[in-house]
Amino acid sequence: MQDLINVSWSQNPAKKASGEEMTQEWTVNDQFFPFVCESCEKELEDHEIIRSAGSYGYVNLTNGEFTYIGLICPMCNHITLQKYRSNSIKTEMDDLFFAQQAYIAFMPDESIELFTKECNDLFLVPDKTPQLKAIDYPIDLIDQHSSKWPYNKFLYRISEDDLEVIINWENKNNRKILPRIISTISPYHKTECLISYLDDPESEYSNPISAEEIYLILFHLARDKYLYAEETTITEEIFNNLSIHFVVNRNYSYPDDFKNICTDILNEYFQKRSNFDFEQTWKKDFLDKYIKKLFYKKGYYRSDQYYKDKQEFEKIHGKVFKGPYKKIDESQQSEIMTCQKVVTQIGIEPIELSNYISSGDLPAYYGNHVYYDPQENVTQSAFIDPEKFLYLSSEVDELLWRHPELKHSVSTSPNENELSSEDKDAVEYEKVEYEKKKWDESLKAAVAIGFECAKNSPVFNVETLISSVDKIFPNLPVSSIETIWRSLPGNNRNGDIDCISGYLLERKNLERNHYKSAKSNDGVKRNIKNRRKKRKELLSSIKTAIDFSLYIFNEDKSMRNEDIDKMLQSMNKLLTTGAMMKIRDALPEKYRRGSGEYQRKKKDDEDFYALNE
């Protein structure tokens, strides 16, 4: 049983003179627990006390010998104040309120007559708790941690005689008067700076409202994970249509009546900041309407202006990527596209999507609808398999906006779109057969270009690359040349990653003559599924050949066959033993040394030899 000591506190002289009922005695506790709500009589447990202090802030007033702790009950929204001997609750204070770091003050209601100024024994926030650093209250501070009563506004130093009337008023009106110590994640850290723009009615100086500074405060609040955590009336559709995402060089757009809006913002904030539930409702009951007034533009999202703004932003700040935990939500289910649908729409091969994915131009999602983050995988040189991902139609539209040349890459072969799906498979099969015949040459060209990049650091444009490839092996398949271009290190490529397609249209048409007449009923046995798999391996091995050439040149050493294969496998899981053998054979002799037999998986061998039948 805790020891209780009853201490009578000074009677309020106004009440005594008017004959009102004497103020009740405060009970001094020598132990922190139990902490019981005076309204609903709930005994707050540790986690509920921590939650209350984190969600609403808490009262901590001391005169050195005694300390008052006030908490809002999470069940009934009633604040209870309890008195303790200061030295008896130090351990509990350290354990329960470790997350609190600063205090803010509030203004007493004019209807309350207080005698705090006339009292010498005052209770105030502990000296070790600083004023919130994000703001500069319009008050005259005595020192860093306490102040006198300036302008009759904010209450810092409180007489014990006034505590009961203040607490009663707070519970009746659900508004704060006593200063609160707030958590590190309290929204006051974001909003309290607005107080510094208020004019002091008792000051002889009046500073004009800085519209730009207030605009900036709201601008950064709206951009800072606005849809996270607290309740808000801003939907994802509204948020996407806020013209805040790609602002460049302070190119702000102020509404005509912005100064009046600023005045409304400051006045409303000053009124609502003292509400008990402000930290829960600051978005939906206060900030949301001003965010909409200032930044919402219906139809902005995915408009031409949206894409233009995004491109300008990315020129200065770099590519805009989604967050690592972004998922396809329910509202986007109808937009989901498979890889096959995407390539059918934009007229390129599945393998060619990998560059758009890695660059961030085309967001991709795993089968569980979680976003594939290319930034997290930037250090891995493993090949990206576009066919294992899902896509969103709106983001495919943005890809086409960014790369209008893709809209013209759809096949123009006569009557090709009229072919049956079976005949299209036959054409695709024969196309892979054509490319496969020059696989060795494609890999050797890729290795040679890779060594050239590592040794001489050339900067290729499209024409010089095509010319260089033709000098090594003329008439390589178009897909091989395009893959070599897209696989070049960024500092060795002068031109957009996809601009090469326009330079190879004539070659594409010549190539089609080799396979466009294939038919499903021409007596040739074809396994299109196997050929699609092999084509992925073929094109991905070209990229791996360049990556490995850069690596081994910089290492400047010879490697055993087994070690080369291990490194190639770490770079590209799609490679079979046959593909690795082709890359090794393309390397100059000085970089490889045999070491007898090495292990080959039976299935890889079967696939490799089947491909060469």
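Here's the yes/no breakdown for (1) touching a Leu at 6+ places or on another chain (Cβ under 7 Å); (2) assigned to a helix (DSSP H, G or I); (3) at pLDDT 85 or above; (4) of a type in the set (S, T, N, Q):
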| site | (1), (2), (3), (4) |
| --- | --- |
| Tyr429 | no, yes, no, no |
| Glu433 | no, yes, yes, no |
| Glu441 | yes, yes, yes, no |
| Ala446 | no, yes, yes, no |
| Cys453 | yes, yes, yes, no |
| Ile466 | no, yes, yes, no |
| Lys471 | no, yes, yes, no |
| Ile481 | yes, yes, yes, no |
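In the stretch 263-292, which residues are aromatic (Phe, Trp, Tyr) and more than 23 Å from the chain's Cα centre (by Cα)?
Scanning the stretch 263-292 gives Tyr269, Phe270, Phe276, Phe278, Phe286, Tyr290.
Among helices (runs of 4 or more DSSP H) lying entirely in the stretch 1-98, which contain 2 or more residues that are closer than 22 Å to Tyr188 by Cα, open to solvent by 40 Å² or more (accessible area, probe 1.4 Å) and modelled with pLDDT of 75 or more?
On the way: elements: 13-18, 46-56, 90-96.
Here the list reads 46-56.
What number goes with the only condition from (1) within 17 Å of the chain's Cα centre (by Cα); (2) open to solvent by 40 Å² or more (accessible area, probe 1.4 Å) that Gln340 does not pass?
Only one criterion in (1) within 17 Å of the chain's Cα centre (by Cα); (2) open to solvent by 40 Å² or more (accessible area, probe 1.4 Å) is unmet by Gln340, namely (1).
Being of a type in the set (D, E, K, R) and touching a Ser or Thr at 6+ places or on another chain (Cβ under 9 Å), is that true of even one residue in the stretch 171-179?
yes
In the set Glu330, Glu349, which member is closer than 30 Å to Leu575 by Cα and open to solvent by 20 Å² or more (accessible area, probe 1.4 Å)? Please lay out each step first, then the result.
Values: Glu330 fails: closer than 30 Å to Leu575 by Cα.
The conditions single out Glu349.
Could you please give the count of residues in the stretch 271-287 that are over 15 Å from Glu170 (Cβ atoms) and in a loop (DSSP other than H, G, I, E, B)?
Matching residues across the stretch 271-287 total 1.
Which ones in the stretch 288-315 are closer than 23 Å to Asp397 by Cα and assigned to a helix (DSSP H, G or I)?
So in the stretch 288-315, the residues closer than 23 Å to Asp397 by Cα come out as 296-315.
Across the stretch 288-315, the qualifying residues are Asp304, Gln305, Tyr306, Tyr307, Lys308, Asp309, Lys310, Gln311, Glu312, Phe313, Glu314, Lys315.
The values are calculated or read from the model by the stated rules, or taken from the named source; none is laboratory data. In this text the structure is predicted, and so the values were computed from the model without any measurement. Methodologically, a virtual Cβ is constructed for each residue, glycine included, from the backbone with ideal geometry; neighbour enumeration extends over all protein chains shown. Ligands, DNA and RNA are excluded from the accessible area calculation, which covers all protein heavy atoms including side chains. Shrake-Rupley method; radii C 1.70, N 1.55, O 1.52, S 1.80 Å.
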